[in-house]
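This report concerns only the one structure given below.
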Amino acid sequence: MLFDAAGTLIELREPVGQTYARIAREHAVDVAPDALDVAFRRAFRTAPAMVFPGTPEAAIARREKDWWREVVSNTFRAADPAQVFRNFDGFFDRLFDAMGAPQAWREVPGARSLLSKLRAMRWSTAIVSNFDRRLPSILEGLGLTPLLDAVVLCSDVAAAKPAAAIFERALERLGVPASRAVVVGDDEAQDIAGARAAGLRAIHVRSLATLDALLDELEALVEPFDER
C-alpha cells in the first residue's frame, strides 16, 4: 500500500498563506494571506520538479532548500511586488525551519487509525512523496513513522511523481509486485494517473468518505501481501 504524504496522510495546521504572512510580519513585510495563497499555488505548480540528478548525496538538502527559496521568492513577488524584505535570507531561514517542524503539521483525521489497521491486517505500507528531506522528521514528530515500512522521496530516485521510477522504488523497498499494490493520493496527475501508468491500482483520497473507508475499497481490489 503506497500513500502520498501531504494532502493524504498529513496536512498543514494552517493555510500556507497564513503562515507566510505571519512570519513575513515578523520581518516588517505585510502581505495579505489570501494573495499569498494564490501566488504560492501558482509558483509551486510552475516550479520544476525537485530532483537533482548527479548531485552528491551530501548536497541534496541544500539544493532542496534553494528550490524552496526560489518558490517563496516568486510567491512574494507575485503576491505584492511593492513589499520588499530588508533581509530575505533571514526571513526565508525562519520560514523554512517553521514549515519543516512537526508542529506545523497534523495527521489527516483517521490516518493513524488506518495505518494501524493496515498493519494489523499485514499490509506493507510506504510513503511515496515529492516532498523534500524534511518529511521523515515530520512523520517522526507526528508519531507515524512506526506505522510505515518505507518512505521514498523524489530525491532518493532522482525522479518525481508521476514518473514510474519513484513508484517502482517503493515497490522494491516493500518487496511487493505492482499487481498487488494500491496507491492512495490527492493529486490526479501525480498520484492517480502516475500510479496507473506504472501498472498500479490507484484511489483518489477525495473519493473516500473517510480514510477508514479505504478498507472497504481494498477488499474489492486486492488481497493483502506481506513479505516482512
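The values are calculated or read from the model by the stated rules, or taken from the named source; none is laboratory data. Remember, predicted model here, so these are calculated numbers, not experimental data. Don't worry about glycine lacking a Cβ; one is built from the backbone with ideal geometry, like all the others, and counts go over all protein chains shown. Side chains included, ligands, DNA and RNA excluded: accessible areas come from the protein's heavy atoms. Shrake-Rupley method; radii C 1.70, N 1.55, O 1.52, S 1.80 Å.
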One residue is enough: does the range 11-20 have a residue meeting the conditions surrounded by 14 or more Cβ atoms within 10 Å (Cβ to Cβ), in a helix (DSSP H, G or I) and either aromatic (F, W, Y) or at pLDDT below 95 (or both)? yes
Within the range 161-199, the residues that are open to solvent by less than 20 Å² (accessible area, probe 1.4 Å), in a loop (DSSP other than H, G, I, E, B) and aliphatic (A, V, I, L, M) are V176, A181
Q | Condition met for F52 (open to solvent by less than 90 Å² (accessible area, probe 1.4 Å), under 30 Å from A165 (Cβ atoms), in contact (Cβ under 8 Å) with a residue 40 or more places away in the chain and in a loop (DSSP other than H, G, I, E, B)) | A | yes
Residue pairs within 6 Å by beta carbon, gap of at least six or interchain, first lying in the range 18-34 and under 13 Å from G90 (Cα atoms), second part of a helix (DSSP H, G or I), listed first then second, are I23/R94; I23/L95; H27/F91
All-but-one check, A209 against (1) under 20 Å from A6 (Cα atoms); (2) open to solvent by 30 Å² or more (accessible area, probe 1.4 Å); (3) at pLDDT 95 or above, failing number (3)
Being exposed (fewer than 12 other Cβ atoms within 10 Å of the Cβ) and either charged (D, E, K, R) or at negative phi (or both) narrows A98, A82, A104 down to just A82
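Is it the case, given these coordinates, that A61 is small (G, A, S), in a loop (DSSP other than H, G, I, E, B) and open to solvent by less than 80 Å² (accessible area, probe 1.4 Å)?
No: the conditions fail for A61.
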Cβ pairs under 7 Å, 6+ apart or interchain, first in the range 198-209 and on the phi > 0 side of the Ramachandran plot, second part of a helix (DSSP H, G or I) and of a type in the set (A, V, I, L, M, F, W, C), ordered by first then second residue, are G199/A178
Across the range 112-160, the tally of residues that are of a type in the set (A, V, I, L, M), touching a residue at least 24 places away in the same chain (Cβ under 8 Å) and open to solvent by 50 Å² or more (accessible area, probe 1.4 Å) stands at 1
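Picking from R173, R94, R86, which residue would you name as being of a type outside the set (V, I, T) and in contact with a helix residue (DSSP H, G or I) (Cβ under 7 Å, 6 or more places away or on another chain)? Before the answer, list the steps.
Values: R173 fails: in contact with a helix residue (DSSP H, G or I) (Cβ under 7 Å, 6 or more places away or on another chain); R86 fails: in contact with a helix residue (DSSP H, G or I) (Cβ under 7 Å, 6 or more places away or on another chain).
One residue alone meets the criteria, R94.
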Taking the range 74-83 and keeping residues of a type outside the set (A, V, I, L, M, F, W, C) and out of contact with any Phe, Trp or Tyr (no Cβ under 7 Å at 6 or more places or on another chain) leaves N74, R77, D80, P81
